[in-house]
């Protein structure tokens, strides 16, 4: 089909927008800073210098909404109360695997206070059969204990809970499996009667579609580079290890949930979510209504860590109940449901082999990995093996193993803490075998220019210098050790990032985006960017986020938010400032080209106009407001600087009699492009380290093999580190300019230590004791067993 | 003002639990039990409890509930009357009935301290405290720590040190740390760690909570 001429013209215009050539800072100040040339759209703002030459951006500006949070005035979804609001409660499956014969809600319907009952016809989150005809049941098959089946809406939380207990579900139970090793046995009960793949709303955590499936094993998904057989032949030394990591739950303090208010023309949903736009899309799709009829609001949300994408079962069920009852419906999960049904970090069971030359050159990396994402997929953990080092050859196989447990979802650097736990310990094993220092081996095997700088900072640190290279050298039962590990994450750009900047005639400034604050502080960063542009303190900027009525914002997953949105905010602010100068120039008796906005003042190049404050200049606007909306443009050089990361060092004390590991100190050296706000960035890195230590030492979702239920779905038996286990954390933030956007920011959420700290702790334990622990969580029982297995007679 | 006695059922229905699923749980019992004469020390705060009502009791003991009864609570310096079932926790009374949602409910069983409020300056888990047990006590919530005129130095220090991320644990953290500063103006970092050892933060903001609390202690000492 021939194209219309007008279409050709549009295509040509789109393909070749006006460009300009700019010089950008690239590299690490004090180490590798240089300039690189970029060709960028002519509408882009001038290149920013490095942080030390900026006034607001790159400074530890106080959190924009800090006082609201500290004073309990920040409104979370759990806090929303609407007039006439009903409280909803799920009825959950009590068995791990069953066909549902009947669901009798008659007693619940008659219970005082009950206003609506909803029976779930289509459960979200579980993997879906490629051939749905294999499950011809009326109700969704129960694939895990805790799967939502129905829900009650009532006038009080008590009435909803009591009525939910009156719903009678008749099950036709089936054999089940909750052990991910047993599930791999050809004779194990099958979780699905045929091949199944992750459904659409996995929030980036799902596994590949369409791969082979045998029994419960969904995979392998194979990734190859070069010839690994030859790579091992070429090796002087080969090391291999078997590593096992457990399932971790996100355990965000605010549970999943929504308040849904269905009106004929507009469904308004307050959601605890990492993506207002994703919730909107899923609801519009589920109810077959236009996007414009759904508004999603997230003023504040109490943590997500990857699990809060899409409307999910709570979102669609609350909306359905609101539609039925004509009243707003609040459906917040309880703590048990939060553990069972809305995501977790998959387990891993990895055999990793590395071949190397005597000088440390890697010839081959070979990984066979299994893991369970419950009745979902997404247990792949080969990211670090594929991307941290540049071996001559690579072969990875990732397999999902279905079990009768709640589906996984993305969790902070999906797959990477597991993968790095194996990779970075194996690298240390290799260093021992090659009689090399672990940091020297990494210098040889890792060519990333920023991590090279980060290792240099580690080398020069007091902590690393205090390391005894001889493993297990300490006398006495409590042994001290130091280890390091490296982290890798990726530059993902969310092109669905939009923002609007408005200048008002009274000199006030507003910035809008649908983006939500998940705790990383995006409001602060947006205010800093406008402050830098207009010379107004950040606290005076009105930042409006978390509402789909605003221009669509990125969904906050994969460390995309700051990276994707900040250039958009800067572009909108810059373009608005240019429109503003053009608008007021005639009133000032000059031309736009003569004016410049610097440090909160409008100044004239020619000297024709005396400098006037921005506020006074705004009063000369010919309209009541100037508004500019901008969208994300692609990275300036999308082929370059695709990964970033860091190096973490842990100092541990191992009590070889009690088996207890105490992490005393952590040195965390990380990069994230241009750090927009070091205070907030360091907060995130502290958090990554602490969550990672918690994963490494304590957390464990325990499933009862006899009954197929989780035995610790709470916060007392599901152990998370607390204040007394927190090490002294020394974060060194490395500015690493990449020349990629008008702000040149990257993300930090995933790379922030959570990837590497587990392996760093394990390497430190080896350094302390001479014993390698390849199993998480490293509880006292695991530590003592490992010490015993290696025949270490303790003092 | 209507006669509050009208809301007290003459013949209360049988005790109920909050969940029929697995019999009576420890907490279900706590929340489900009506107010009996065992709680007579508290009855002064239950409006309308008079000798007349006592005499009318059909069971020989005084019972209120499980229906709603009017209860007088003293919160952040003001008197509030709420119509609540006796099983209502203090957290529920504050959040649902008084709209004071600064207090957060996280674990709902007393292990995370997200719901910390003060009873007469003693930090308690409001999810494990019945509202009727707060009768006669001065309840302070996160909303009441600062005044219109003056931000509490600890809240200011939390902002200065960025001692928060998602912010959901923050009200509980602040109430716990502020209580520490009330009883110990010279805390060490060890003291702060000990004080917040029951406060769970999933974002991992502890190092800055320690720094903010020590900083605020200095500010308060010099005030």
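General observations
- Stokes-Einstein, applied to the Kirkwood radius of the range A:493-631 over Cα pairs at a viscosity of 1.002 mPa s and 20 °C, places its translational diffusion at 141 µm² s⁻¹.
- When each of the peptides A:213-223, A:400-410, A:97-107 is scored by the mean number of other C-beta atoms lying within 10 Å of its residues, the order from highest to lowest reads A:400-410, A:213-223, A:97-107.
- Overall, the ratio between the Cα radius of gyration of the protein assembly as shown and 2.2 N^0.38 Å, rounded to two decimals, is 0.97.
- Peptide B:169-176, shielding by other chains (average Cβ, 10 Å cutoff): 4
- Sorting B:81, A:447, A:156 from the fewest to the most surrounding beta carbons within 10 angstrom yields A:447, B:81, A:156.
- Neighbour-count ranking [beta-carbon atoms within 10 angstrom, fewest first] of A:54, B:73: A:54, B:73
- Gain upon complete extension [residue A:173, residue A:719; 0.36 nm per residue less C-alpha separation]: 193.4 nm
- A:552, A:651 arranged by Cβ crowding within 10 Å, fewest neighbours leading: A:552, A:651
- Mean sequence separation of contacting Cα pairs (under 8 Å, at least six apart), scaled by the length of the range A:493-631, corresponds to a relative contact order of 34 percent.
- Relative contact order for chain A: 16 percent, from Cα pairs under 8 Å spaced at least 6 residues apart, divided by residue count.
- Sequence-separation-based contact order of the range A:237-276, relative, with Cα cut under 8 Å and 6+ spacing, percent: 29
- The modelled label-to-label distance between residue A:55 and residue A:462, using points 7 Å beyond Cα along the C-beta direction, is 3.8 nm.
- With all pairs of different C-alpha atoms in the average, the Kirkwood value for the hydrodynamic radius of the range B:153-222 is 11.5 Å.
- Label-to-label distance, residue A:591 versus residue A:47, with points set 7 angstrom from Cα along the beta-carbon direction: 2.7 nm.
- Estimated at 0.36 nm per residue, the fully extended path between residue A:627 and residue A:544 surpasses their Cα-Cα distance by 28.5 nm.
- Each label point was placed 7 Å from the Cα along the Cα-to-Cβ direction; for residue A:39 and residue A:242 their separation is 5.6 nm.
- Computed [θ] at 222 nm, helices only, for chain A once each DSSP H run of length n ≥ 4 contributes -39500 (n - 2.57): -8000 deg cm²/dmol
- FRET efficiency estimate (nearest 0.05) - Cβ-Cβ, residue B:223 to residue A:106, R0 60 angstrom: 0.40
- Calculated FRET value between residue A:209 and residue A:452, using beta carbons and R₀ = 45 Å, to 0.05: 0.75
- Average partner coverage of B:182-195, which counts Cβ from other chains inside 10 Å: 1
- The packing ranking of peptides A:760-770, A:189-199, highest mean first, is A:760-770, A:189-199, where packing means the average number of other beta carbon atoms within 10 angstrom of each residue.
- Our estimate of slack between residue A:790 and residue A:135, defined as 0.36 nm per intervening residue step minus the Cα-Cα distance, is 230.9 nm.
- Counts of other chain beta carbons within 10 angstrom of each beta carbon in peptide A:721-733 average 4.
Read the figures in this text as sums done on the coordinates, not as results from a lab. Note that the coordinates shown come from a computational prediction; the quantities given were computed from them, not determined experimentally. All Cβ positions, glycine included, derive from the backbone under ideal geometry; neighbour counts span all protein chains shown.
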